[in-house]
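Visitor: I'd like to ask some things about the structure below.
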Amino acid sequence: MFWTPSIAPAAVGYAVPVPGGDTAAPHIDADDLTVIGTQDGLMYVRLATGALLVLDAKNLHRPLGILVPLDEHWTARINSLESLRAQLLHHKRSPPPLTSQQRRRIQLALRTLDARRDRASYQTIAGHLFGAEAVSREHWKTSSLKAQITRLTVHGTHLTTKGYRFLLLGKGPTGRSKPRK
């Protein structure tokens, strides 16, 4: 199973040949992509810039455009296509959609949730994530680390139940369209 534009509208686009062979449209150089897989005659590729595309292999050397379905994910698709356009025309990588702090919090939340599902105590998890010394510095019952592990567990549960869908729509992990400033 590969990510498809219907599942991850903010991450994946359908590349299609431009009618009439418009030469101003970008071509994709085969050296600039990695084939992730094939399914039903379609290639799933990652460009050198990190963008994900679905295309028919026979169209690889033709001028390409992006097919944008008129659906409820229109805004997410257009936002991601602005980034893709810059990548294809200027060969530069777009800034990551999540900050390093957001990525780190997601990692910690998912690690915490995995540990909780394996029946680890909050104190054991805190020891693994932040070090036994940090845990021993505070009285556990009122520890800020205990509160942080609790919040990470809630966040991890949110991510696995519906939060990941926000990420696939190009929103933040909490569902906000724009990050807070």
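Visitor: Of the listed peptides 68-76, 34-42, what is their order by residue-averaged count of other C-beta atoms within 10 Å, with the highest listed first? Write out the running numbers ahead of the final one.
Guide: Numbers: 68-76: 13.0, 34-42: 10.7.
Averaged packing, sorted descending, gives the order 68-76, 34-42.
Visitor: Determine the gain in length on full extension of the stretch Arg119-Ser100; use 0.36 nm per residue of separation and subtract their C-alpha separation, reporting nm with one decimal.
Guide: On the way: separation 19, 0.36 × 19 = 6.84 nm, distance 2.85 nm.
Computed gain between Arg119 and Ser100 is 4.0 nm.
Visitor: Let me ask another. Nearest 500 deg cm²/dmol is fine: what mean residue ellipticity at 222 nm does the chain get from its DSSP H runs of n ≥ 4 alone, each adding -39,500 (n - 2.57), divided by its residue count?
Guide: Per the formula, -11500 deg cm²/dmol.
Visitor: Going by alpha carbons, how many degrees (0 to 90, nearest 10) lie between the helix axis of 74-90 and the longest principal axis of the chain?
Guide: Roughly 70 degrees, rounded to the nearest 10.
Visitor: Count of lysine pairs in the chain with Cα atoms under 24 Å apart, counting only pairs 8 or more residues apart in sequence or on different chains?
Guide: Taking the chain as the scope, the lysine pair count is 6.
Visitor: In square nanometres, what is the average projected area of the Cα convex hull of the range 121-167?
Guide: Its Cα hull, projected and averaged over all orientations, spans 3.5 nm².
Visitor: Could you put Arg119, Arg93, Arg137 in order, starting from the residue whose Cβ has the fewest other Cβ atoms within 10 Å?
Guide: Ordered by Cβ neighbours within 10 Å, fewest first: Arg119, Arg137, Arg93.
Visitor: One quarter of the convex hull surface, Cα atoms only: what value does that give for the chain in nm²?
Guide: One quarter of the hull surface, i.e. the mean projection, equals 13.5 nm².
Visitor: Using only Cα atoms, tell me the angle between helix 144-158 and the longest principal axis of the chain; keep it within 0 to 90° and round to the nearest 10.
Guide: Around 40 degrees separate the two axes.
Visitor: What whole-number volume per residue, in cubic angstrom, does the convex hull of the C-alpha atoms of the range 12-90 give?
Guide: Taking only Cα atoms, the range 12-90 has a hull volume of 99 Å³ per residue.
Visitor: On a 0 to 90° scale, report how tilted helix 100-117 is relative to the longest principal axis of the chain, with both axes built from alpha carbons and the result rounded to the nearest 10.
Guide: 60
Laboratory data are not the source of any read-out in this text; all were calculated from the coordinates shown. Note that this is a predicted model, so its numbers are computed, not measured. Ideal geometry is used to build each Cβ from the backbone, glycine not excepted, and the neighbour counts take in all protein chains shown.
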